[in-house]
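The values are calculated or read from the model by the stated rules, or taken from the named source; none is laboratory data. Worth saying up front: this structure is predicted, and the values here are computed from it rather than measured. Here the Cβ is made from the backbone with ideal geometry for all residues, glycine too, and neighbour counts use every protein chain on show. The accessibility values were calculated without ligands, DNA or RNA, using every heavy atom of the protein model including side chains. Shrake-Rupley method; radii C 1.70, N 1.55, O 1.52, S 1.80 Å.
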Amino acid sequence: MFKKLGFAGIVMLAIILFFVISASVVIVGPGKRGVLLNFGAVSPNVYGEGLHFKIPGYQTVIQMDVQVQKVEREASAASKDLQDISSTIAVNYNIIPDKVAQVFQRLGMRYQERVIDPAIHEAVKAVTARYTAAELVTNREKVRSEIKDTLASRMLDYNILVVDVSIVNFAFSAQFNQSVENKNTAEQLALKAQRDLDRIKIEAQQKIAQAQAEAEALRLQRQNITPELVELRRIEAMQEAIRKWNGVMPNVTGGAMPFIDAKAYNGRR
């Protein structure tokens, strides 16, 4: 037979066989699943990673990614106290591997823009409406968790698994930011005024305590002063004056000369 075909015929047959085999082989890459189509109809059979065969012209394999993917979207909403909120939300998700056929049949390859993006906006609006703007800041982790739970519940209906949700940013209106700044300034001033008032009160209490202590000391001193003590102090003063006198009468012009009653002093001795 090969002699009848000749060299050119053999080459042609080899090329045809190559294309037939190539068209019959499907290699599903890592992190992907193959959706099998029979004349365009979705088959429940799903090809996993590796080498597979299909019937050329009759079967087609569409590969879909089942690895964790990330989408980041900006979402606008309003808080419970009607403050405008602009947020950036990052979502990690993946298609449930054994449900890729249903996802492709229901949503096609554009599932992200068809269901994920709208669901992110709806989840953010639903959750932020439960909190005031200030609460959104102080309860950020709780808000993130509620957005994740809300989004995961919706996506599960489409056979898409939400792995995690992150709040990249919460941005508020300029008016709200100014009101927060004014409030913080007022609180700081009030705190400073309270500290000053406390300091003044403490200083006043210290002065009162000091005055009371001085008054008590003076009262005790007055109780201890007797006529004998006064006389003793007078005699001590005179003795000190005599001890320091050099025997020379002071040369004084005008005024009274100090007089020491030596007789009285000797009599007391």
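Over all other residues within a Cβ to Cβ distance under 12 Å of residue 95, the charged ones net out to +2, with Lys and Arg as +1 and Asp and Glu as -1. For the stretch 190-208, backbone nitrogen atoms closer than 16 Å to the point 7 Å from residue 216 Cα along Cα-to-C-beta are found at 205-208.
For the stretch 58-207, the spread of Cα coordinates along the three principal axes comes to 102, 28, 19 Å, biggest extent given first. With the simple model of a label 7 Å out from the Cα in the direction of the Cβ, residue 163 to residue 65 spans 1.1 nm. Near residue 132: Cβ cut-off under 11 Å, other residues only, Lys/Arg at +1 and Asp/Glu at -1. The net charge is 0.
What FRET efficiency comes out for the pair residue 196/residue 141, r = Cβ-Cβ distance, R0 = 35 Å, nearest 0.05? Working from the Cβ atoms, E equals 0.40.
Remark: the residue 189-residue 39 segment gains 46.4 nm on full extension, using 0.36 nm per residue and subtracting the alpha carbon distance. Residue 109 exposes around 100 Å² of accessible area when a 1.4 Å probe is run over every protein chain in place.
Beta bridges from DSSP with both residues in the stretch 46-134: antiparallel share about 100 percent, rounded to the nearest 5.
Computed with a 1.4 Å probe on the full set of protein chains, the accessible area for residue 53 sits at about 140 Å². For the stretch 82-173, with all protein chains in place and a probe radius of 1.4 Å, 48% of the accessible heavy-atom surface sits on carbon or sulfur. Each residue, residue 24 and residue 58, gets one label point 7 Å from its Cα in the Cβ direction; the gap between the two is 1.2 nm. Only protein heavy atoms count here; under a 1.4 Å probe, residue 81 has an accessible surface of about 70 Å².
Using R0 = 45 Å, the C-beta based FRET efficiency linking residue 207 and residue 234 works out to 0.80.
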